[in-house]
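Below is one structure. I have some questions about it.
The values are calculated or read from the model by the stated rules, or taken from the named source; none is laboratory data. Being a predicted model, the structure only gives us computed values, none of them experimental. Cβ sites come from the backbone with ideal geometry, for glycine too, and all protein chains shown count toward neighbours.
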Amino acid sequence: MNPTERLYTPKFFQVLLSTALTMVGVSMQYHFGEFVAYRGYSEATLGWVTGIAALGSLLLRPYAGSWIDRVGCRASLLGSGLCGAAANFLFQFTDSLTAICLLRIIMVASNATFLATVAVFAARIAPFPRRAESLGSIGIGGFLGMMTGPLIGDLIFAHARDLPQAFRFFFTAVAAANLLAAIVVINLQAPDLHPSPGGPGFFRLIRQHWPGSILLVATIFTAALTIHMSFLERYAHFRGFEDIRWFFLVYAPTAITLRLLCRRFPERFGRPRVCIAGLTGMAIGMVCFIFVRQQWHLVLPALLMGAGHAFVFPSMVDLAADALPTEHRGMGTSIVLGAGDVGILFGGIAWGQLIERAGWEPTFILIAVLMWFAAGLYTWRHRAAAVSPAGKPAHSALP
């Protein structure tokens, strides 16, 4: 792409809208813990369901990344959107833990493939210095969806006459959001690069182009997100209130505002610095959960977690995906998001077990310590890589 070409075109906003609709469905599923509890299962079981779904998605990542590179952005968005809609619609008809896990795997893998494709699209339409900006800006759609989804979920459960009816309507609404996301991009004209049929396989690619310690950042970052993705609703019940929408009504606008005002930060200050700053802020936000006693107390952790998410995600994904050749951008994006699946797998199971055995406060402290550790390790590794053994800058390590 020529650097003088416009970034914010109609197709950019078309994909942004589709991303928003997908994240409406994803964030509505923050009430999934309520469904698991309704079926008679505990927080530990919820953690296992979350972890198993992440494992299934992780195993599918190599194929999903290769598929994105082969079929292109439009077909990948359509296929993953339709699969996600089908899986979400079928939840209302099952109470078997096995079936719940299988549908959750399909749902998570579909959403993951959709969002990975969005990241690939954002990178392909932007000049190199502005790729993190493009990814961050298109992610505003995701935060708009994240702000809207929990509110819709709260309204569904507040006005339903009984729980079976509420869950039928809930899962139908989530499926509709996924379906609309696919319809929005049905005529998308996307810039696609197809690798040659004899291109290197997945394992050969990652051996040759290993992204490095940024994958640890991705793993711990996503493990931390499982708190508000899967456990926040249960934590609210533990503290004696039920309404979690205020967290997302602060979290998402904070992230959106910073993505708009600071969209050129990765280009100006470097992707590693932006990523490290965001991870540090998220760790402080995690500690703030300890002091939550009422609904409005969620404001401070929401501000810090939203700011951290706004800074970490686009720089993190671009840094990792940039390690692979341009024609394998889909595979590179899938690798870093696959590291995120490992984080959800670890976080879902570990946090569920730790909450039951040690309580909420030790869990929050442990997550914060892990995030500070990841930020410190990445800082050290990045500084070490930024200078060659001869004392000259190593250009490949520069932001």
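Name the residues in the stretch 147-168 that are basic (Lys, Arg) and either part of a helix (DSSP H, G or I) or on the phi > 0 side of the Ramachandran plot (or both), would you?
Of everything in the stretch 147-168, just one residue is basic (Lys, Arg) and either part of a helix (DSSP H, G or I) or on the phi > 0 side of the Ramachandran plot (or both), namely ARG168.
Here is a further query. Which residue out of ALA385, ALA368, ALA339, ALA323 is aliphatic (A, V, I, L, M) and modelled with pLDDT under 65?
Being aliphatic (A, V, I, L, M) and modelled with pLDDT under 65 holds for just one of ALA385, ALA368, ALA339, ALA323, which is ALA385.
Follow-up. Restricting the search to the stretch 37-48, which residues are surrounded by fewer than 24 Cβ atoms within 10 Å (Cβ to Cβ) and part of a helix (DSSP H, G or I)?
Listed by number, the residues that qualify are ALA37, TYR38, GLU43, ALA44, THR45, TRP48.
Give the residue that is surrounded by the most Cβ atoms within 10 Å (Cβ to Cβ), with candidates limited to residues of the stretch 108-130 that are in a helix (DSSP H, G or I) and over 13 Å from the mean Cα position of the chain (by Cα).
Restricting to residues being in a helix (DSSP H, G or I) and over 13 Å from the mean Cα position of the chain (by Cα), the top hit is PHE121.
For the stretch 337-384, what are the residues that are surrounded by fewer than 19 Cβ atoms within 10 Å (Cβ to Cβ) and β-branched (Val, Ile, Thr)?
Answer for the stretch 337-384, where residues must be surrounded by fewer than 19 Cβ atoms within 10 Å (Cβ to Cβ) and β-branched (Val, Ile, Thr): ILE365, VAL369, THR379.
Out of everything in the stretch 169-218 that is farther than 24 Å from PHE313 by Cα, under 24 Å from the mean Cα position of the chain (by Cα) and in a loop (DSSP other than H, G, I, E, B), what residue ends up being modelled with the lowest pLDDT?
Checked the stretch 169-218; the qualifying residue modelled with the lowest pLDDT is LEU188.
Output yes when any residue across the stretch 15-36 is part of a helix (DSSP H, G or I), touching a Pro at 6+ places or on another chain (Cβ under 7 Å) and acidic (Asp, Glu), and no when none is.
No; the residues of the stretch 15-36 include none that is part of a helix (DSSP H, G or I), touching a Pro at 6+ places or on another chain (Cβ under 7 Å) and acidic (Asp, Glu).
Any residue that is within 18 Å of the chain's Cα centre (by Cα), in a helix (DSSP H, G or I) and touching a residue at least 60 places away in the same chain (Cβ under 8 Å) - is there at least one of those in the stretch 259-266?
yes
Checking the condition closer than 17 Å to TRP372 by Cα, modelled with pLDDT under 90 and part of a helix (DSSP H, G or I), which residue from PHE289, PHE313, PHE346 passes?
So the residue among PHE289, PHE313, PHE346 that is closer than 17 Å to TRP372 by Cα, modelled with pLDDT under 90 and part of a helix (DSSP H, G or I) is PHE313.
Can I ask one more? Would you check if THR226 is surrounded by fewer than 23 Cβ atoms within 10 Å (Cβ to Cβ), at pLDDT 85 or above, in a helix (DSSP H, G or I) and among the β-branched types (Val, Ile, Thr)?
No.
Now for a separate question. Given the criterion farther than 16 Å from LEU370 by Cα and either buried (at least 20 other Cβ atoms within 10 Å of the Cβ) or at pLDDT below 85 (or both), identify the matching residue among ARG273, ARG263.
Details: ARG273 fails: either buried (at least 20 other Cβ atoms within 10 Å of the Cβ) or at pLDDT below 85 (or both).
Testing whether each residue is farther than 16 Å from LEU370 by Cα and either buried (at least 20 other Cβ atoms within 10 Å of the Cβ) or at pLDDT below 85 (or both) leaves just ARG263.
Results for (1) part of a helix (DSSP H, G or I); (2) modelled with pLDDT of 85 or more; (3) touching a Gly at 6+ places or on another chain (Cβ under 6 Å); (4) of a type in the set (Val, Ile, Thr), shown as yes or no for each residue.
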position	(1), (2), (3), (4)
TRP67	yes, no, no, no
ARG70	yes, no, no, no
LEU77	yes, yes, no, no
LEU82	yes, yes, no, no
PHE89	yes, yes, no, no
ILE106	yes, yes, no, yes
ALA132	yes, no, no, no
GLY142	yes, yes, no, no
GLY145	yes, yes, no, no
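Still on this structure, please answer the following. Among the residues of the stretch 91-101 satisfying the criterion of being assigned to a helix (DSSP H, G or I) and either touching a Lys or Arg at 6+ places or on another chain (Cβ under 6 Å) or in contact (Cβ under 8 Å) with a residue 12 or more places away in the chain (or both), which is farthest from LEU58 (Cα to Cα)? Write out each step before concluding.
Initial filter on the stretch 91-101 (assigned to a helix (DSSP H, G or I)): 91-93, 97-101.
Right, trim to either touching a Lys or Arg at 6+ places or on another chain (Cβ under 6 Å) or in contact (Cβ under 8 Å) with a residue 12 or more places away in the chain (or both) and you get 91-92, 97, 100-101.
On the way: PHE91: 21, GLN92: 25, LEU97: 20, ILE100: 18, CYS101: 14 Å.
By that ranking, first place goes to GLN92.
If you don't mind, another one. Looking at (1) surrounded by 20 or more Cβ atoms within 10 Å (Cβ to Cβ); (2) of a type outside the set (Lys, Arg); (3) in contact (Cβ under 8 Å) with a residue 60 or more places away in the chain, which is the one condition that is false for LEU304?
(3)
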